[in-house]
1. Using the count of nearby Cβ atoms within 10 Å as a rough guide to exposure, how do E81, E276, E150 rank from fewest to most?
2. Measuring from label point to label point, each 7 Å out along Cα→Cβ, what is the D106 to N133 span in nm?
3. Step through the table entries K92/K202; K72/K206; K263/K334; K227/K334; K63/K99; K72/K332, compare each Cα-Cα distance with 22 Å, and write down the pairs that go over it.
4. Please quote Rg/Rh for segment 2-379 to two decimal places, taking the Kirkwood radius as Rh and restricting both calculations to Cα atoms.
5. As a test of the definition: which semi-axes, in Å, follow for segment 69-154 when you take the square root of five times each eigenvalue of its alpha carbon gyration tensor? Largest first, please.
6. Scaled to the compact-protein estimate 2.2 N^0.38 Å, what is the alpha-carbon radius of gyration of segment 110-255, rounded to two decimal places?
7. I need V155, V314, V116 ordered by Cβ neighbour count within 10 Å, fewest first.
8. Would you list which lysines come within 22 Å of K303, measuring only between C-alpha atoms, while excluding same-chain residues fewer than 8 positions from it?
Amino acid sequence: MKNKVFISVISSAVIAFAMTGCSNPSQVTAAASPSYSQAGIHTGFKDNFMIGTALSADAILEKNHSTLNLVKREFNAVTAENVMKWELIHPKPNVYDFKAPDRLVDFAEQNNLFLVGHTLVWHHQRPDWIFENRNGSKVSREILLNRMEEHINTVAGRYQNRIDAWDVVNEALNDDGSLRESLWYEIIGEDYIEQAFIMAAKAAPKAKLYYNDYNLFEPAKREGAIKLIKNLQEKGIRIDGIGLQGHYGLYYPDLNQLENSIKAFAELDIDIFISELDITVLPLPNGENQGADISLDIKIEDKLNPYPNQLPSVVQAKLAERYQEIFAVFNKYKSSINRVTLWGISDANTWRNDWPVKGRTDYPLLFDRAMNKKSFVASLPLAE
């Protein structure tokens, strides 16, 4: 029955979005007034999985609370987009900034939102001092393990029993499934992942502990993640779930590959969730870099920023159709997936606007630049 409903709604949803979706950045003003449907997005999926979003520091600390009011209406899970990453929360030795993280934790508690801390160990968005002695040389394995433990104890320990889950380790794999040779790997060794999960389990014993990565629909990277998880499980190290970053496009991933990955991870008896969903409408350089490697440094060209002022209706329609297709897959595996989190709230503040080149204009989320819910959202398939 679900398939018939899906077919009937998609054409009307696509047409409605093409006709009414607000996609012109020039239409946005600082005083834009958000509009909503009567029910939040998460209510439509209450029997399937949680629907979450990532919150920036600006949203968390916003004085008029309009963004937070939208969040508590539309979503039932939130993730710290950047404010809990090492470079912001722990920029210098013995210096921590808990202002925005504390506000986020309070907000989640007050509104009964599932809260994910992101992230404890990552090779990006971290200060150099972590890996260096005072003379600039690399620290020893012992010193780096001590710094990792102190950080995890301080950050995860501060929010013990208040944060529901942690992305303990982020993006530790190359696309071929091998371990990324980051400074964590180089100095500590491949067991740095094991150590991070052991430390996190001690610091936050009641929180879910997750591994998070992009391009896990690719068979080689999927197998690498499965190997990583099985290694932890065989050693009795707790790992509770895996986040499949959903940085997708209009023509990738192949939906069969996505399904195969969901099925493969389900066999590991862990939580599965889509951790960072957005769908870019923009071309990528040479069709490469489908994931979220933020180290790319590419000069902007017009061909990489084709819609600076408005999204053509035909592309709007394709975006609506693609969201329909992706959610149909998620619904099919609702017994295995426990959360789908959008990576940001609106097109105005998505990281996609500046990746992989600065100054691009993208339209990847469920709310437009005026914070209005896109018309196709109301017709996303709700059940399988």
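Just so it is clear, none of the values below were taken in a lab; they were calculated from the coordinates. These numbers come from a predicted model, not from an experiment. No Cβ is skipped: glycine too gets one built from the backbone with ideal geometry, and neighbour counts run over all protein chains shown.
1. Working: E81 23, E276 26, E150 14.
Sorted ascending by nearby Cβ count, the order is E150, E81, E276.
2. Once both label points are built, they end up 4.4 nm from each other.
3. Working: K92/K202 24 Å; K72/K206 24 Å; K263/K334 11 Å; K227/K334 24 Å; K63/K99 14 Å; K72/K332 26 Å.
Those over the limit are K92/K202; K72/K206; K227/K334; K72/K332.
4. Ratio of gyration radius to Kirkwood radius for segment 2-379: 0.95.
5. 31, 11, 11
6. This ratio for segment 110-255 stands at 1.08.
7. Least to most surrounded, the residues fall as V314, V155, V116.
8. Cα-Cα hits under 22 Å: K318, K358.
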